[in-house]
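Step one of this worksheet: look at the structure below.
Laboratory data are not the source of any read-out in this text; all were calculated from the coordinates shown. Quick caveat: nothing in here was measured; it's all calculated off a predicted structure. So basically every Cβ, Gly included, is an ideal-geometry build from the backbone, and we count neighbours across all protein chains shown.
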Amino acid sequence: MSKWIRSNSVAVIYAVLFLITALPILSPLGLPISIGPTTRKFASIIDSLKKDDIVFVDINFSPGSWAENGPQLAVIMKHLWTKGVKVLFFSLAVDGPQMYMKAIGQATPPPSLKYGVDWVYLGYLSGAETAAAAITKDTWSLVKSDYFGTPLQNLPIMQKIRTAEDAQLLIVVTSGEMSWMWVRQWYERYRKTYLLAPISIMVPSGAPYQQAGQIAAILAGSRGAAEYEVLIAKPGEGATVTDALTMQLLYLMCLIIIGNVIFYTQRKGRRTSATGGI
């Protein structure tokens with residue numbers, strides 16, 4: 001058996017990796033997660049919202065970054081539902097509608113909330129920064145109906161939303177660099193609070209904007225989503241993914257230790273052979 005394992009070591013390594021990744025996903029372990037200060041600040045800003053406050057949410061990512069952005073969007077939705085705020089969802093990414101539909105399926109709104117009254121989705125808005133400027137200046141001039149074809153005048157929530165001046169907060173969930181344009185189109189023009197939920201690799205690029213106060217807080221990738229889920233007691237995909245990543249890292253550490261032990265043992269054996277056992 002040991003001989004077979006040695007001759008098929010690569011296959012064994014990947015098989016074990018598959019198992020330790022799949023098991024936490026199929027049956028979450030609930031491993032402890034420390035919560036960072038920026039996640040606490042992100043959540044506290046949403047927690048400070050009052051009933052009927054208006055929030056703009058840009059769903060600005062594609063399926064390729066769902067593993068990071070999806071859990072972020074779902075947990076943010078769950079928190080927003082608890083606050084009783086009015087939410088205007090839209091997408092500056094062409095795949096945004098797919099992401100909205102998937103996230104809304106995971107973060108099901110409570111029965112007390114009603115589409116068109118408590119939230120609305122405008123769909124994909126082409127034009128990138130031009131669209132961002134237009135939706136904040138005069139939403140009604142940019143679109144005439146929501147994603148499902150309902151005219152804006154038939155949606156009670158839209159009677160309260162015309163410009164960024166009507167809103168208290170912007171949240172951008174993104175995998176791309178269009179997030180920086182919102183500093184210009186939201187914070188600099190209207191001095192409104194801006195929260196950013198990017199993929200992890202974008203966090204260092206966003207740090208200068210956060211330090212300058214232009215971005216109020218950053219929620220960092222799937223790890224940030226997991227922290228958020230623990231903080232507001234709304235478990236979801238973020239914590240599950242973090243469990244899997246933790247198990248992968250522990251496995252990698254074990255492989256490094258085993259590899260070093262094998263290397264040291266083999267080197268010692270070669271030295272013993274070369275000296276004739278002296």
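The table for this structure:
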quantity	calculated
Cα pair distances in the range 37-235, grouped into 5 Å bins until the bin that holds the longest one, percent each	1, 8, 18, 22, 23, 17, 8, 2, 0
Sites Y264 and S200, calculated FRET efficiency, Cβ-Cβ separation with R0 41 Å, nearest 0.05	0.75
I257 versus F148: modelled label distance in nm, points set 7 Å from Cα along the beta carbon direction	5.4
Total formal charge among the other residues, if their Cβ is under 15 angstrom from that of D138, Lys/Arg +1 and Asp/Glu -1	+3
S34/S126 FRET efficiency (R0 45 Å; Cβ-Cβ; nearest 0.05)	0.65
The range 37-235: antiparallel DSSP beta bridges as a percent of all, rounded to 5	5
Lysines with Cα under 23 Å of K50, excluding same-chain neighbours fewer than 8 positions away	K41, K78, K83, K86, K114, K160, K192, K234
Relative frequency of Cα-Cα separations exceeding 14 Å in the range 125-204, percent	65
